1. Does at least one position in the stretch 242-264 carry a residue that is of a type in the set (G, A, S), modelled with pLDDT of 95 or more, buried (at least 21 other Cβ atoms within 10 Å of the Cβ) and more than 20 Å from K6 (Cα to Cα)?
2. Could you list, in sequence order, all residues of the stretch 15-59 that are in contact with a strand residue (DSSP E or B) (Cβ under 6 Å, 6 or more places away or on another chain), among the polar types (S, T, N, Q) and not in a helix (DSSP H, G or I)?
3. Can you tell me which residue within the stretch 136-175, out of those that are hydrophobic (A, V, I, L, M, F, W, C) and either more than 20 Å from S51 (Cα to Cα) or at pLDDT below 95 (or both), is farthest from the chain's Cα centre (by Cα)?
4. Of all residues in the stretch 19-40, which are modelled with pLDDT of 95 or more and on the phi > 0 side of the Ramachandran plot?
5. Among the numbered conditions (1) closer than 30 Å to Y291 by Cβ; (2) without any contact (Cβ under 8 Å) to a residue 60 or more places away in the chain, tell me where V45 comes up short.
6. Across the stretch 225-241, which residue is nearest to V200 (Cα to Cα) among those that are part of a helix (DSSP H, G or I) and modelled with pLDDT under 95?
7. For the stretch 2-22, state whether one or more residues are free of Cβ contacts under 8 Å to residues at least 24 places away in the same chain, within 25 Å of A250 (Cα to Cα), surrounded by fewer than 21 Cβ atoms within 10 Å (Cβ to Cβ) and hydrophobic (A, V, I, L, M, F, W, C).
8. Kindly provide the set of residues from the stretch 49-87 that are among the aliphatic types (A, V, I, L, M) and either free of Cβ contacts under 8 Å to residues at least 40 places away in the same chain or within 20 Å of P103 (Cα to Cα) (or both), ordered by number.
Amino acid sequence: MASAPKIRIGTAGWSYKDWDGILYPPEVTRKKIHPVEFLARFFDVIEINTSFYGHIRPELGRFWARKAAAVNPDFLFTAKLHRSFTHSPLAATEPTSAASIRPNDEDERLAREGLESLATEGKLGALLIQFPVSFKNTGLNREYIDQVLRQFIEYPRVVEVRHESWDNAETIAEFMRQNVAFCNIDQPQLGRSLAPTEHVTSSLAYVRLHGRNYEQWFDSDNRDDRYNYLYKMAELEKWKEKISSIAERAESVYVIANNHFQAKAAVNALELRHLLNGKKVPAPASLVSHYPELRSMTELEDANGKYSLFA
């Protein structure tokens with residue numbers, strides 16, 4: 001029996017209309033094949049991001065877990081914690097801090113029910129607790145992170161902070177003490193945004209690639225525009241080196257591409273898989289047709305998992 005992959009690479013989410021016809025063939029668009037079932041043919045992890053906006057319904061969590069397992073028994077999900085725990089209700093207009101975050105008991109109950117639906121199926125790899133760049137390293141905010149980590153101590157936890165004030169020896173030591181993963185991110189370097197890191201603070205490590213769309217990161221009417229970025233191979237090569245270094249110090253590594261605009265996350269995730277294992281990787285024929293730069297590093301598959309000679 002093959003061992004589970006040490007480095008898991010996948011996308012943040014799967015439900016994007018602009019993936020239809022680019023990543024998703026007609027069988028998925030017409031709902032004959034579920035997107036999770038389709039993506040599990042090519043990736044071994046998906047980060048659930050809808051859980052940030054609305055709690056996972058347990059029946060859906062179980063459904064996703066079983067769909068993925070049917071085509072890829074080693075597949076895992078990670079899930080973002082609901083925004084009530086990490087963002088001010090007015091995060092678009094005011095900074096987020098421990099004083100402005102207001103989860104309640106019902107939020108905790110619903111969050112845990114959704115996470116349990118995945119965990120009981122053996123398909124929850126990690127819980128991602130993501131704070132915005134306005135959440136700075138203060139005594140009050142450190143206490144709040146400790147509180148949330150205790151609330152969800154039964155799950156493998158990852159904390160994503162985006163302000164550079166968190167990148168210090170004290171934070172790393174505290175995360176190591178609590179066996180909590182520090183999320184290493186790639187994002188536009190604006191103001192005091194956290195620069196790329198390669199920290200390993202627990203048995204699992206986590207990397208999120210948000211893209212580098214400087215022009216539209218904060219200045220756009222559509223929040224999806226900020227993720228309109230396709231990493232160049234030279235940029236991915238640098239992350240390959242970081243991920244390889246991280247993998248030497250962690251038992252498992254999750255690498256999530258969040259630059260989802262027009263399925264660019266899937267393109268870069270496949271390129272990273274190829275860079276890390278040095279072999280051609282399975283890829284959807286529909287995606288390679290739209291991004292022919294993938295041809296030299298992929299083997300084409302159609303919606304049913306059959307190899308195709310042409311995209």
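1. The answer is yes; a qualifying residue exists.
2. Listed by number, the list holds a single entry, N49.
3. First, pick out the residues of the stretch 136-175 that are hydrophobic (A, V, I, L, M, F, W, C): 140, 145, 148-149, 152-153, 158-159, 161, 166, 169, 172-173, 175.
From the residues that got through so far, the ones that are either more than 20 Å from S51 (Cα to Cα) or at pLDDT below 95 (or both) too are 140, 166, 169, 172-173, 175.
Numbers: L140: 27, W166: 20, A169: 25, I172: 21, A173: 24, F175: 20 Å.
In this case the residue turns out to be L140.
4. G21
5. Status for V45: all satisfied but (2).
6. To start, the set of residues in the stretch 225-241 that are part of a helix (DSSP H, G or I) comprises 225-227, 233-241.
Retained after the next criterion (residues that are modelled with pLDDT under 95): 225-227.
Numbers: D225: 31, R226: 27, Y227: 26 Å.
Applying the filter and picking the extreme gives Y227.
7. Pass one, the stretch 2-22, residues free of Cβ contacts under 8 Å to residues at least 24 places away in the same chain: 3, 17, 20.
Remaining after also requiring within 25 Å of A250 (Cα to Cα): 3.
Retained after the next criterion (residues that are surrounded by fewer than 21 Cβ atoms within 10 Å (Cβ to Cβ)): 3.
In the following step, the residues that additionally are hydrophobic (A, V, I, L, M, F, W, C) were identified as none.
Taking every residue of the stretch 2-22 in turn, none turns out to be free of Cβ contacts under 8 Å to residues at least 24 places away in the same chain, within 25 Å of A250 (Cα to Cα), surrounded by fewer than 21 Cβ atoms within 10 Å (Cβ to Cβ) and hydrophobic (A, V, I, L, M, F, W, C).
8. Residues of the stretch 49-87 that are among the aliphatic types (A, V, I, L, M), as a first pass: 56, 60, 65, 68-71, 76, 79, 81.
Answer for the stretch 49-87, where residues must be among the aliphatic types (A, V, I, L, M) and either free of Cβ contacts under 8 Å to residues at least 40 places away in the same chain or within 20 Å of P103 (Cα to Cα) (or both): I56, A70, A79, L81.
The values are calculated or read from the model by the stated rules, or taken from the named source; none is laboratory data. Keep in mind it's a predicted model, so treat the numbers as computed, not measured. Reconstructed Cβ throughout: ideal geometry from the backbone, glycine too, with neighbour counts over all protein chains shown.
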